[in-house]
Amino acid sequence: MGLLTIGAFAKASRLSPKALRLYDELGLVTPARVDPVTGYRLYAPEQLDQARLVAWLRRLGMPLARIQYLCALEAGSAAQEIRAFWAQVEADTAARRDLATFLIDHLSWKDPAMTPTVKPLGISYAALSDTGLVRENNQDTAYAGSRLLAVADGYGAGGSTASAAAVGALKRLETDSIPAGTLLNVLEDAVDQAKQAVRGAAGTDSSPHEGGTTLTAMLWTGSQLALVHIGDSRVYLLRGQELFQITHDHTLVQSLVDEGRLSPEEAASHPQRSLLIRALGPGADATPDMRLHDAQRGDRYLLCSDGLSTVVPTHEIHRLLSEISEPEQAVRELVAHANGSGGPDNVSCVIADVTELQ
């Protein structure tokens, strides 16, 4: 078969002539020959596979620059690149889904016609932070109050100052009234204030570029818990006999697991497992995950730094949360287990039990 005109090639590849002209300029699908007199583009039949690949990648929503990079790869590497791209699309979609769920839940709760009649609930709580057995100082900050629960895990030379500043910026939520309908705005404002507080704290440190922190916090509204999460501290929910991790680690290694490039087993021992891709600090992406949880009587929430979650196995955390009824004793036992496993990092735990008010 001879060369195809741009019209015939466009029809066979399911790309428009306009798109083919653009892809020629970008070097994605270069014509086999351009008529020197008429300027008509002519394509070889063997170029159809490349053109069809570009068409399908565009239907996936992949940016042209990334398609250009992908088309230069071998087949196996190209497949891996598509897998990574789609994992990122799903992560972005999940973040938007969480926000949509947050808004739906919040607005549904505001609607008197949709508000269930329930007995009033409250929380009992405890917090504990410990240096561990290896680190010289404690860069974690843990806090538990009647409305605010928070864990921040500082890093770098100014880590302890950064974590304290981030949690300190949220403490006004303990006393501030939150008008109906403004919860999402209140949380966004609180995160902005935490960013500013960390930035201000870093400015007083001798190595400001080295100071930052994670921030994972929950705000009790009387019937729900609103979650704000940045980094790799975690929140677990014990409901009934089941334990759920309700946060997603913002780490490089977790992103590689999401993309299928690492298995969870490989991630657990990866040398860069603590490398953050979101945090509060200079130059860091501080985009928070936000979620709203309807509380049920008997729920138990655990907020913890990675000094617990990377040292104590999940099944052991589950056992301790299930067997120890008092929050104060439970946080002590969790910290003791982290230190009993070598205590390689600072460890912080906050527990909140949802109870029925008398």
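The values are calculated or read from the model by the stated rules, or taken from the named source; none is laboratory data. Source: prediction; values computed, not measured. When we count neighbours, we look across all protein chains shown, and the Cβ atoms used for this are built from the backbone with ideal geometry, even at glycine. Heads up: the accessible areas ignore ligands, DNA and RNA and are worked out on the full protein's heavy atoms, side chains in. Shrake-Rupley method; radii C 1.70, N 1.55, O 1.52, S 1.80 Å.
The gain in end-to-end length when the ASP285 to GLN50 segment is fully stretched comes to 81.0 nm, 0.36 nm per residue minus the alpha carbon separation.
The amide H of ALA126, built 1.01 Å from its N in the peptide plane, has ILE351 as neighbours under 5 Å, considering only residues 5 or more places off or on other chains. Multiplying each eigenvalue of the alpha-carbon gyration tensor of the stretch 146-198 by 5 and taking the square root yields semi-axes of 23, 11, 8 Å, largest first, rounded to whole angstroms. Looking at the square roots a ≥ b ≥ c of the eigenvalues of the Cα gyration tensor of the stretch 233-300, which shape do they give, rounded for a/c under 1.5, prolate if a/b is larger than b/c, or oblate? It is oblate, given that a/c is not under 1.5 and a/b is not larger than b/c. Comparing VAL191, VAL331, VAL34 in a Gaussian network model of the chain where C-alpha atoms under 10 Å apart are linked, the largest mean-square fluctuation is found at VAL34. The relative contact order of the chain, computed from alpha carbon pairs under 8 Å that lie at least 6 residues apart in sequence, is 19 percent. Rounded to the nearest 20 debye, the dipole size of the chain about its Cα centre is 1440 debye, using +1 on the Cβ of Lys and Arg and -1 on the Cβ of Asp and Glu.
Against the chain, whose longest principal axis comes from its Cα atoms, helix 159-170 is set at around 80 degrees. For the stretch 222-338, the per residue solvent-accessible surface stands at 44 Å², with DNA, RNA and ligands left out and a 1.4 Å probe. Classify the stretch 169-308 as rounded, prolate or oblate from the Cα gyration tensor: take a ≥ b ≥ c as the square roots of its eigenvalues, call it rounded if a/c is under 1.5, otherwise prolate when a/b beats b/c and oblate if not. Because a/c hits 1.5 or more and a/b fails to exceed b/c, the stretch 169-308 counts as oblate. With kT/(6 pi eta Rh) evaluated at 37 °C and eta = 0.692 mPa s, and Rh the Kirkwood radius from Cα pairs, the chain diffuses with a coefficient of 141 µm²/s according to Stokes-Einstein. What would the Debye formula give as log10 I(q)/I(0) at q = 0.24 Å⁻¹ for the alpha-carbon point model of the stretch 41-91, no solvent? Each listed q corresponds, in turn, to -0.95.
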